Amino acid sequence: MINVIWLFLIVSGISYGLVSGNGALINAEIVASVNSGIELIFNMLPVLILWMGVMRLAQESGLLDKFAKAICPVLHKLFPTLDKNSKALGYIASNIAANMMGLGSAATPFGLKAMQELEKENPKKGEATEAMITFLILNTAGVTIIPTTVIALRMAHGSMNATGIILPSLLATLVASIAGLTLDYIIRRRRK
């Protein structure tokens with residue numbers, strides 16, 4: 001549905017521009033936007049590659065496993081329906097670690113694997129379990145200690161204080177996580 005909305009907006013905008021005699025301006029903006037997008041990619045790529053490499057090293061060295069074991073008591077309380085040795089908990093911990101570093105791109109594969117593992121343990125296939133919903137909340141509102149992608153974007157656009165976003169980002173994601181998990185807990189308790 002969202003694709004249809006975007007298609008409608010793009011087609012109607014271009015059509016209006018052509019009808020109003022601004023065809024040359026539309027072409028100039030398309031080319032400028034493509035150039036701007038490519039420039040942004042090349043500015044952000046080194047930072048993202050660096051942090052994704054760090055996450056890969058952390059995964060290969062076993063650091064993510066140690067992190068997973070360290071937060072396992074907390075995760076087990078958040079996911080009481082999962083077995084303590086569930087593979088999903090390891091993927092969830094890795095996803096949380098990547099999100100804490102502001103690496104949504106690196107967190108995505110862990111999140112997909114976590115959902116696949118949660119689906120394997122799901123007695124009603126195709127229907128979201130409590131663990132899936134809780135993980136979705138954690139993934140969406142996850143606490144971000146270092147918003148790497150946002151810092152890279154700010155640096156790419158010439159920010160004088162690219163890291164000035166760290167404290168506001170930490171506070172916003174912490175409040176969002178607490179609110180989401182609290183609401184999840186309340187709804188879960190009411191259902192029982």
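The values are calculated or read from the model by the stated rules, or taken from the named source; none is laboratory data. Every value quoted in this text rests on a predicted model; they were computed, and no experiment measured them. Backbone-built Cβ (ideal geometry, glycine too); neighbour counts: all protein chains shown. The accessibility values were calculated without ligands, DNA or RNA, using every heavy atom of the protein model including side chains. Shrake-Rupley method; radii C 1.70, N 1.55, O 1.52, S 1.80 Å.
For the stretch 118-192, the relative contact order comes to 36 percent (Cα pairs under 8 Å, sequence separation of at least 6). When a 1.4 Å probe is rolled over the protein heavy atoms, the share of accessible surface on the chain that falls to carbon and sulfur comes to 69 percent. Compared with the direct C-alpha span, the chain from Ala70 to Val19 gains 12.2 nm at full extension, assuming 0.36 nm per residue. Modelled spin-label separation between Asn27 and Ala128, with each label point placed 7 Å from Cα along the Cα-to-Cβ direction: 4.7 nm. Distance from the Cα centroid of the stretch 92-150 to that of the stretch 22-84 is 12 Å (rounded to whole angstrom). Overall, the anisotropy analysis places the stretch 3-54 in the oblate class: the square-rooted eigenvalues a ≥ b ≥ c of its C-alpha gyration tensor yield a/c not less than 1.5, with a/b not exceeding b/c.
Per residue of the chain, the DSSP helices (runs of n ≥ 4 H) give a summed -39500 (n - 2.57) that works out to -27000 deg cm²/dmol at 222 nm. Mark the label point 7 Å from the Cα of Leu171 along Cα→Cβ and return the residues of the stretch 119-143 whose backbone N is within less than 17 Å of it. So the set is 143. Membrane-span-like helices in the chain, defined purely by DSSP H runs whose alpha carbon atoms cover 18 Å or more axially and whose average Kyte-Doolittle hydropathy reaches 1.0, are 2-19, 23-61. On a per residue basis, the chain carries 66 Å² of accessible surface, using protein heavy atoms and a 1.4 Å probe.
Once you keep just the Cα pairs under 8 angstrom separated by 6 or more residues, what percentage relative contact order results for the chain?
Relative CO of the chain lands at 19 percent.
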